[in-house]
Amino acid sequence: MPQTVKRRSTKTGLAPGALIHVGELHADRVKMTLCEYGESLFKEDGIDTLEGRMPSPDRKTVTWVHIDGLQDIRLLEQMGVVFGLHPLIIEDILNTDQRPKLEDHGDYLYIVLKRFHQDKGSRLVPEQVSIVVGPNWLISLQEKVGNLLDPVRERLRNDRGRLRKGGADDLAHALLDGIVDGYFSILDHFGEEIETVEEGLMDRPSPKTLRAIQLLRREMILLRKAVWPLREVVGNLYRSDSPLIRKLSVLYFRDVSDHTVQVIDTIETYRDMLSGMLDIYLSTISNRMNEVMKVLTVIATIFMPLTFLAGIYGMNFKYMPELDWPWGYFALWGLMLAIAIVMLLYFRRKKWL
């Protein structure tokens, strides 16, 4: 039987000063579904309350409660009372800035994950997913209303394989595996964007290219912050001594850990590529500036002796011998052209041009 949880004295039942990020959605946007399944049973229904929904420990089926949206705080308080969850768990669920983690509370496991989806501008939008695993029940909470868990529901509806025969730990594995597999599709999209930016970098880098590199680096950092702790979470799951994780499920959690390592390796590779692209961009811009400065320096060097001659013959002295020469003007032009041509040939020979 679940233990009685004392309510806090605050209005929300949470500790004073708790950080609550519930967005601007309304309570009527919260969607709750109850799924009960076994090897030969599958029932699914939308529900409005959790009272009386705590499954008996002797029941052979698995009860899965999924809540879309965290706007109904009273519902979450009710969930804590019905399933005997510690009030700090409710507080962590509402605080959507949580780092991915695993907490073993003896009678249940609390898991925090991060998933991502892309908005219309193909930018990453993080979303917190909380999972509470009990002996024969599981609660999953999604920060926003969406279709995150539809693939798992479809497997339960249409398949009587391992997932339907397994326990709550197998369902937890399916949810974890689905979130980790979602990282691969995001990384595939990033790979295409990096390739596009790299082509533009080789052709003609511009400030737009720099902005694209910086944006990709920022999103890689965001993704890395979510995946690195996940590696520790999954590792602790398959190394856990908790009776909630059966030995048959350890191998599957280890497989998820391997996938997580692959995601991390890909993220690190992309981060190194973006760092290299940033260095290439800066080097290209510096080389372009050097080329411009070299051309300007050559032009200025050529004009220095010409300016010197023009300055001499521009002085207003009355007695200058060359002023009375019939061909003095043309001789001066010839001398100036000769100097310019000789200097150009010399620069070309030195490969300065």
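The values are calculated or read from the model by the stated rules, or taken from the named source; none is laboratory data. In this text the structure is predicted, and so the values were computed from the model without any measurement. Positions of Cβ are generated from backbone atoms using ideal geometry, with glycine treated the same way; all protein chains shown enter the neighbour counts.
Key figures for this structure:
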| read-out | value |
| --- | --- |
| Residue within region 310-332 that is among the β-branched types (Val, Ile, Thr), surrounded by 15 or more Cβ atoms within 10 Å (Cβ to Cβ) and outside the structural domain of Pro100 (by TED's automatic domain parsing) present | no |
| Filter pass, Arg231 being without any contact (Cβ under 8 Å) to a residue 12 or more places away in the chain, of a type outside the set (S, T, N, Q) and either over 30 Å from Tyr281 (Cα atoms) or not assigned by TED's automatic domain parsing to the domain that holds Lys165 (or both) | no |
| Region 300-353 - residue that is outside any loop (DSSP other than H, G, I, E, B) and among the small types (Gly, Ala, Ser) and, of those, nearest to the chain's Cα centre (by Cα) | Ala300 |
| From the options Lys208, Lys165, Lys225, residue that is closer than 23 Å to Leu94 by Cα and of a type in the set (Lys, Arg) | Lys225 |
| Residue in region 53-60 that is surrounded by fewer than 18 Cβ atoms within 10 Å (Cβ to Cβ), modelled with pLDDT of 85 or more and under 14 Å from Gly134 (Cβ atoms) present | no |
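Residues checked against (1) within 15 Å of the chain's Cα centre (by Cα); (2) outside any helix (DSSP H, G or I); (3) more than 17 Å from Leu215 (Cβ to Cβ); (4) assigned by TED's automatic domain parsing to the domain that holds Gly182:
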{"site": "Asp258", "(1), (2), (3), (4)": "no, no, yes, yes"}
{"site": "Val261", "(1), (2), (3), (4)": "no, no, yes, yes"}
{"site": "Asp265", "(1), (2), (3), (4)": "yes, no, yes, yes"}
{"site": "Tyr270", "(1), (2), (3), (4)": "yes, no, no, yes"}
{"site": "Leu274", "(1), (2), (3), (4)": "yes, no, no, yes"}
{"site": "Leu278", "(1), (2), (3), (4)": "no, no, no, yes"}
{"site": "Arg288", "(1), (2), (3), (4)": "no, no, yes, no"}
{"site": "Val298", "(1), (2), (3), (4)": "no, no, yes, no"}
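One line per residue, one yes/no per condition, for (1) part of a helix (DSSP H, G or I); (2) surrounded by fewer than 13 Cβ atoms within 10 Å (Cβ to Cβ):
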position: Val180; (1), (2): yes, no
position: Glu192; (1), (2): yes, yes
position: Glu199; (1), (2): yes, yes
position: Ala212; (1), (2): yes, no
position: Val234; (1), (2): yes, no
position: Ile245; (1), (2): no, no
position: Ser249; (1), (2): yes, no
position: Tyr252; (1), (2): yes, no
position: Ser283; (1), (2): yes, yes
